[in-house]
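Comments concern the structure below.
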């Protein structure tokens with residue numbers, strides 16, 4: 001009878017794959033291999049070794065809920081000091097920016113403005129009546145409830161600190177909430193907003209190039225990320241690629257063109273997949289990025305849009321040398337797509 005195979009542990013930031021003998025935790029395996037892995041108590045009480053489980057399965061020994069909350073565990077976080085690999089795994093310890101925490105608020109809001117930005121996307125502006133202040137990181141989303149509709153997740157398109165909240169709602173087939181917004185929403189209507197949620201937010205301490213990719217109403221969180229980065233005066237190159245089917249699906253392109261005129265480090269590239277491009281790039285967004293970046297090592301990517309776009313970009317960016325933990329994404333699912341998948345994932349179109 002052959003010996004049992006020893007699981008491997010890929011430590012993303014170290015760029016190394018090591019072995020974890022039976023019963024060995026991720027942290028112990030890393031420290032034994034000479035990797036400078038962050039840790040503190042080593043007993044599951046402090047959270048200093050909190051990590052993202054990128055791939056594989058682990059068994060978690062007992063730990064304090066103050067070190068790792070249920071919500072954190074549900075979105076794939078582990079404590080390296082308590083995690084024993086069951087399979088080959090890949091992990092990334094949590095960077096400082098990943099530990100940002102904003103208090104969850106339930107806000108009462110009123111509709112103070114709305115307009116059609118494309119044939120199927122409406123921009124909604126809300127004023128906060130009570131429950132604030134609403135602190136969030138650029139790129140996060142909230143659960144939004146319009147009168148008589150089920151709650152739906154939409155990303156904030158405004159930047160943190162703005163007194164007015166902005167959401168982009170795309171009308172999709174079978175979407176009761178988006179149909180309500182399109183046909184019945186009025187100025188002064190009451191809206192409930194709860195949040196913030198999501199981990200695909202701007203890492204403000206990162207100084208490598210930023211590659212932001214948006215499709216459809218996925219432009220909302222990407223708009224917040226880009227505007228926040230520019231407002232902070234981040235010095236690195238910031239590249240925004242917006243993928244659309246036709247030029248009729250483009251919106252806010254004039255605003256981004258003006259930002260590009262004012263900021264030498266900001267580059268805006270619309271990409272049109274079908275029909276005349278109107279002078280813009282033609283094709284698919286991931287291929288456009290690949291044509292511009294032979295290597296993406298050291299970059300961070302922020303992706304938002306339809307799941308096929310996010311998945312294709314993720315695969316290609318990894319092939320071009322980007323580390324998986326440098327790719328931050330929320331895929332936008334319609335209500336019908338989520339029902340078919342039997343899940344609630346990311347923000348909604």
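The values are calculated or read from the model by the stated rules, or taken from the named source; none is laboratory data. Just so we're clear, the structure is a prediction, and the values are computed from it rather than from any experiment. FYI the Cβ positions are ideal-geometry reconstructions off the backbone, even for glycines, and counts take in every protein chain you see.
Would you point out which residue out of 148, 188 is modelled with pLDDT of 95 or more and farther than 23 Å from residue 310 by Cβ?
Details: 148 fails: modelled with pLDDT of 95 or more.
Only one candidate passes the filter, namely 188.
Checking the structure you have, find out if any residue of region 177-190 is in contact with a helix residue (DSSP H, G or I) (Cβ under 8 Å, 6 or more places away or on another chain) and assigned to a strand (DSSP E or B).
no
Take region 318-338 and flag every residue that is surrounded by 21 or more Cβ atoms within 10 Å (Cβ to Cβ), in a loop (DSSP other than H, G, I, E, B) and modelled with pLDDT of 80 or more.
Once the filter is applied, which keeps residues that are surrounded by 21 or more Cβ atoms within 10 Å (Cβ to Cβ), in a loop (DSSP other than H, G, I, E, B) and modelled with pLDDT of 80 or more, region 318-338 yields only 322.
Please work out which one of (1) part of a loop (DSSP other than H, G, I, E, B); (2) more than 24 Å from residue 140 (Cβ to Cβ); (3) in contact with a helix residue (DSSP H, G or I) (Cβ under 9 Å, 6 or more places away or on another chain) is the condition residue 295 fails and give its number.
The single condition residue 295 does not satisfy is (3).
Considering only region 176-188, I want to know if a residue exists there that is closer than 30 Å to residue 292 by Cα and within 23 Å of the chain's Cα centre (by Cα).
In the first step, residues of region 176-188 are kept if they are closer than 30 Å to residue 292 by Cα; the result is none.
So far as region 176-188 goes, no, none of its residues is closer than 30 Å to residue 292 by Cα and within 23 Å of the chain's Cα centre (by Cα).
Only residues that are surrounded by 18 or more Cβ atoms within 10 Å (Cβ to Cβ) and either free of Cβ contacts under 8 Å to residues at least 24 places away in the same chain or in a loop (DSSP other than H, G, I, E, B) (or both): list them for region 1-11, please. Outline the logic, then answer.
Filtering region 1-11 for residues surrounded by 18 or more Cβ atoms within 10 Å (Cβ to Cβ) gives 7, 9-11.
Answer for region 1-11, where residues must be surrounded by 18 or more Cβ atoms within 10 Å (Cβ to Cβ) and either free of Cβ contacts under 8 Å to residues at least 24 places away in the same chain or in a loop (DSSP other than H, G, I, E, B) (or both): just 7.
Hey, does region 28-35 have a residue that's within 21 Å of residue 325 (Cβ to Cβ) and assigned to a strand (DSSP E or B)?
no
From the list 184, 207, 281, which residue is exposed (fewer than 14 other Cβ atoms within 10 Å of the Cβ) and over 29 Å from residue 105 (Cβ atoms)?
Values: 184 fails: over 29 Å from residue 105 (Cβ atoms); 281 fails: exposed (fewer than 14 other Cβ atoms within 10 Å of the Cβ).
That would be 207, the only listed residue that is exposed (fewer than 14 other Cβ atoms within 10 Å of the Cβ) and over 29 Å from residue 105 (Cβ atoms).
Residues to consider are 178, 155; find the one that is more than 30 Å from residue 300 (Cβ to Cβ), assigned by TED's automatic domain parsing to the domain that holds residue 117, touching a strand residue (DSSP E or B) at 6+ places or on another chain (Cβ under 6 Å) and surrounded by 23 or more Cβ atoms within 10 Å (Cβ to Cβ).
Values: 155 fails: more than 30 Å from residue 300 (Cβ to Cβ).
So the residue among 178, 155 that is more than 30 Å from residue 300 (Cβ to Cβ), assigned by TED's automatic domain parsing to the domain that holds residue 117, touching a strand residue (DSSP E or B) at 6+ places or on another chain (Cβ under 6 Å) and surrounded by 23 or more Cβ atoms within 10 Å (Cβ to Cβ) is 178.
Quick check on region 48-61. Is at least one of its residues free of Cβ contacts under 8 Å to residues at least 12 places away in the same chain, within 30 Å of residue 135 (Cα to Cα), more than 22 Å from the chain's Cα centre (by Cα) and surrounded by 17 or more Cβ atoms within 10 Å (Cβ to Cβ)? Outline the logic, then answer.
Kept after step one, since they are free of Cβ contacts under 8 Å to residues at least 12 places away in the same chain, are these residues of region 48-61: 48.
Going one step further and asking which of them are within 30 Å of residue 135 (Cα to Cα), we end up with 48.
Okay, now just the ones that are also more than 22 Å from the chain's Cα centre (by Cα), so 48.
Within this subset, residues satisfying the condition of being surrounded by 17 or more Cβ atoms within 10 Å (Cβ to Cβ) are 48.
Yes, region 48-61 contains at least one residue that is free of Cβ contacts under 8 Å to residues at least 12 places away in the same chain, within 30 Å of residue 135 (Cα to Cα), more than 22 Å from the chain's Cα centre (by Cα) and surrounded by 17 or more Cβ atoms within 10 Å (Cβ to Cβ).
Only one residue in 76, 44 is crowded, with 17+ Cβ neighbours inside 10 Å, on the phi > 0 side of the Ramachandran plot and outside the structural domain of residue 170 (by TED's automatic domain parsing), so which one is that?
Numbers: 76 fails: crowded, with 17+ Cβ neighbours inside 10 Å.
Exactly one residue qualifies, and that residue is 44.
So, in region 210-230, exactly how many residues are part of a helix (DSSP H, G or I) and either buried (at least 24 other Cβ atoms within 10 Å of the Cβ) or touching a strand residue (DSSP E or B) at 6+ places or on another chain (Cβ under 7 Å) (or both)?
So the first thing to find is which residues in region 210-230 are part of a helix (DSSP H, G or I), and the list is 216-230.
Next, only the ones that are either buried (at least 24 other Cβ atoms within 10 Å of the Cβ) or touching a strand residue (DSSP E or B) at 6+ places or on another chain (Cβ under 7 Å) (or both) stay: 216-226, 229-230.
Of the residues in region 210-230, 13 are part of a helix (DSSP H, G or I) and either buried (at least 24 other Cβ atoms within 10 Å of the Cβ) or touching a strand residue (DSSP E or B) at 6+ places or on another chain (Cβ under 7 Å) (or both).
Please work out which residue is farthest from the chain's Cα centre (by Cα), limiting yourself to region 231-258 and to residues that are in a helix (DSSP H, G or I) and surrounded by 17 or more Cβ atoms within 10 Å (Cβ to Cβ).
From region 231-258, those in a helix (DSSP H, G or I) are 231, 247-249, 253-258; that's our starting set.
Now narrow it down to the ones that are surrounded by 17 or more Cβ atoms within 10 Å (Cβ to Cβ): 249, 256.
Details: 249: 22, 256: 20 Å.
It comes out as 249.
Yes or no: residue 148 in a loop (DSSP other than H, G, I, E, B) and either surrounded by 23 or more Cβ atoms within 10 Å (Cβ to Cβ) or touching a strand residue (DSSP E or B) at 6+ places or on another chain (Cβ under 6 Å) (or both)? Give the derivation first.
Details: in a loop (DSSP other than H, G, I, E, B): yes; either surrounded by 23 or more Cβ atoms within 10 Å (Cβ to Cβ) or touching a strand residue (DSSP E or B) at 6+ places or on another chain (Cβ under 6 Å) (or both): no.
Against the criterion (in a loop (DSSP other than H, G, I, E, B) and either surrounded by 23 or more Cβ atoms within 10 Å (Cβ to Cβ) or touching a strand residue (DSSP E or B) at 6+ places or on another chain (Cβ under 6 Å) (or both)), residue 148 does not qualify.
Just to be sure, is residue 194 in contact (Cβ under 8 Å) with a residue 24 or more places away in the chain, out of contact with any strand residue (DSSP E or B) (no Cβ under 9 Å at 6 or more places or on another chain) and surrounded by fewer than 23 Cβ atoms within 10 Å (Cβ to Cβ)? Spell out how you get there, then give the answer.
Details: in contact (Cβ under 8 Å) with a residue 24 or more places away in the chain: yes; out of contact with any strand residue (DSSP E or B) (no Cβ under 9 Å at 6 or more places or on another chain): no; surrounded by fewer than 23 Cβ atoms within 10 Å (Cβ to Cβ): yes.
No.
For region 297-309, give me the residue count where each residue is touching a strand residue (DSSP E or B) at 6+ places or on another chain (Cβ under 7 Å) and either surrounded by 23 or more Cβ atoms within 10 Å (Cβ to Cβ) or within 20 Å of residue 13 (Cα to Cα) (or both). Outline the logic, then answer.
First pass over region 297-309, keeping only residues touching a strand residue (DSSP E or B) at 6+ places or on another chain (Cβ under 7 Å): 299-307, 309.
From what's left, either surrounded by 23 or more Cβ atoms within 10 Å (Cβ to Cβ) or within 20 Å of residue 13 (Cα to Cα) (or both): 299-305, 309.
Adding up the residues that qualify gives 8.
Considering only region 158-175, how many residues are buried (at least 17 other Cβ atoms within 10 Å of the Cβ) and either in the same structural domain as residue 219 (by TED's automatic domain parsing) or at positive phi (or both)? Break it down stepwise before answering.
We begin by selecting, within region 158-175, every residue buried (at least 17 other Cβ atoms within 10 Å of the Cβ); these are 158-160, 165-172, 175.
This time we only want the ones that are either in the same structural domain as residue 219 (by TED's automatic domain parsing) or at positive phi (or both), so: none.
Qualifying residue count, region 158-175: 0.
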